[in-house]
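Report on one structure; see the data block that follows.
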Amino acid sequence: MPSWRLDIEYDGTRYGGWQQQQHMRTVQGELIRAAEAVFMSQVELGGAGRTDAGVHACRQVAHLRVKADRIPELKLQIELNKQLPHDINILALRSAPPNFHARHDAIARYYLYQISTRRTAFGKAYVWWVKDRLKLAPMKQACALLEGRHDFRSFCEAPEQQKSTFIKVAKSELAISGSLILFRIAADHFLWKMVRRIVGALVEAGRGNLTIGRFQELLVKHSSEPAAWTAPPSGLFLERILYPGDAAPITLAPVFPVE
């Protein structure tokens, strides 16, 4: 059975998330529809990460398998992109081993969040505009506390449905770019709404409403408080998926610059 790896970018604004759903338009659903139109056959297509409604991706990874004749890589990429809506684009497509699995084979996932410190006419769908003046120092202090293995139960939606709420964060960093505050976090996997609730807590620290001591407590003792701080999906991007041998991203740069 022919198998391919797809690297995909998408604007999640119009979609109910990545995962295919019966009565909702999703990114995975659009990709399956496009592939089945090209092959005139049922296909298997799975992604490396299940982004929520409104969340974007700079480079999502998916595997595609189908019981059909193999199509040359470049031709297949072109034909699939012809079938896809304008806000989903296959950046790269290449043959993969039959057992390649986009989710199970991934070793790290990088998320990027963009906070805008000013009102923007063009970037509204790709940032969270926080009207309050934010202090960067406490935000950076809180950001540094995230690295390492912690219990993120306080930052998870429906934690009782998780096998474990302990996550080892490999990287957590904050930077300024023009009028944007950029937050990047990397781990082997994430919990539902975890990144958006962390961002909300960082903003509360920047507003002066959350002390560093209290932020640290949230990584030890469960609290439902962060649910009220959940950042909007518009500023969140699945930035990169890493597989064995891949180099980690170094430069922290905006996806949609706001000067």
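The values are calculated or read from the model by the stated rules, or taken from the named source; none is laboratory data. Just so you know, these numbers come straight off a predicted model, no measurement behind them. FYI the Cβ positions are ideal-geometry reconstructions off the backbone, even for glycines, and counts take in every protein chain you see.
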Seminar exercise, completed: Given (1) out of contact with any Asp or Glu (no Cβ under 6 Å at 6 or more places or on another chain); (2) basic (Lys, Arg); (3) surrounded by fewer than 17 Cβ atoms within 10 Å (Cβ to Cβ), residue 196 misses just (3)
For this session: Kindly provide the set of residues from region 175-185 that are surrounded by fewer than 22 Cβ atoms within 10 Å (Cβ to Cβ) and either in contact with a Cys (Cβ under 6 Å, 6 or more places away or on another chain) or hydrophobic (A, V, I, L, M, F, W, C) (or both), ordered by number.
Result: 175, 176, 182
Exercise. Just wondering, is there one or more residues in region 27-49 that are of a type in the set (Lys, Arg) and touching a Lys or Arg at 6+ places or on another chain (Cβ under 6 Å)?
Worked result: no
For this session: Of the conditions (1) in contact (Cβ under 8 Å) with a residue 60 or more places away in the chain; (2) more than 19 Å from residue 190 (Cα to Cα); (3) of a type outside the set (Lys, Arg), residue 213 clears all except one; give me its number.
Result: (1)
For this session: State which residue is nearest to residue 205 (Cα to Cα) when the search covers only region 218-259 and only residues that are of a type in the set (Gly, Ala, Ser) and within 17 Å of the chain's Cα centre (by Cα).
Result: 231
Problem set entry | All positions within region 172-188 that are part of a loop (DSSP other than H, G, I, E, B) and of a type outside the set (Gly, Ala, Ser) | 188
For this session: Mind telling me which of the residues 29, 54 ends up being assigned to a loop (DSSP other than H, G, I, E, B) and outside the structural domain of residue 112 (by TED's automatic domain parsing)?
Result: 54
For this session: Among residues belonging to region 223-242 that are touching a residue at least 60 places away in the same chain (Cβ under 8 Å) and out of contact with any strand residue (DSSP E or B) (no Cβ under 8 Å at 6 or more places or on another chain), point out the one that is surrounded by the fewest Cβ atoms within 10 Å (Cβ to Cβ).
Result: 224
Exercise. Scanning region 107-124 for residues that are in contact with a Phe, Trp or Tyr (Cβ under 6 Å, 6 or more places away or on another chain) and small (Gly, Ala, Ser), which turns out nearest to residue 48 (Cα to Cα)?
Worked result: 123
Seminar exercise, completed: Given the conditions (1) closer than 14 Å to residue 191 by Cβ; (2) assigned to a helix (DSSP H, G or I), every one holds for residue 169 apart from (2)
Exercise. Counting only residues that are surrounded by fewer than 14 Cβ atoms within 10 Å (Cβ to Cβ) and acidic (Asp, Glu), which one in region 36-72 is farthest from residue 20 (Cα to Cα)?
Worked result: 69
